[in-house]
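Here is the structure we will look at.
Computed from the coordinates by the stated procedures, all read-outs in this text should not be read as laboratory data. Since the structure is predicted, the reported quantities are computational estimates derived from the model, not experimental observations. Neighbour counts are summed over all protein chains in view; Cβ atoms, including those assigned to glycine, are modelled from backbone coordinates with ideal geometry.
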Amino acid sequence: MIYPQPKKEFLNGLKNEGGEDMETLKNRRFLVSRKSSISVKLKPNVVGLSVAITAALVYLVCLIFVAIVPLETVITFGNYFVHGMDISSIAAKDIKLSDSIIGFVIVTLSAYIVGYIFALVYNWLGQKLK
């Protein structure tokens with residue numbers, strides 16, 4: 001149900017306990033919401049963990065894809081990811097478990113570091129560009 005808007009004259013007559021009229025209250029709410037959206041600070045640890053978990057999931061999906069899909073299909077998709085370069089000479093189907101674990105750890109740690117640095121830079125720029 002759509003409710004009719006009150007007349008402007010009625011709103012102008014309303015005041016809060018402090019004696020402020022509705023227009024002043026609307027302006028103050030607008031300014032507060034603008035300030036709060038500008039001063040958002042990221043928590044570096046939270047951003048780092050978020051990026052690391054995302055990268056870890058992508059790594060696991062890729063690892064499963066390579067394990068269950070024929071090598072020719074892996075090469076075709078791999079070529080798309082590297083702008084059409086031929087990866088057939090480096091593509092391998094027999095990946096060792098130890099190599100997969102080491103790759104997983106390296107990708108996850110690298111992603112955490114990138115996310116952490118991103119949050120630090122974001123917060124630093126937020127302070128500088130106020």
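Evaluate the stretch 44-128: find the radius of gyration of its Cα atoms, find its Kirkwood radius, and give the ratio Rg to Rh. Let's see the in-between values first.
On the way: Rg = 16.3 Å, Rh = 14.6 Å.
Ratio of gyration radius to Kirkwood radius: 1.11.
For the stretch 105-130, the residues whose amide N sits under 15 Å from a probe point set 7 Å from the Cα of SER50 along the beta carbon direction are 112-123. Protection proxy ranking of 105-118, 67-80, by the mean of other Cβ atoms within 10 Å over each peptide's residues and highest first, is 105-118, 67-80.
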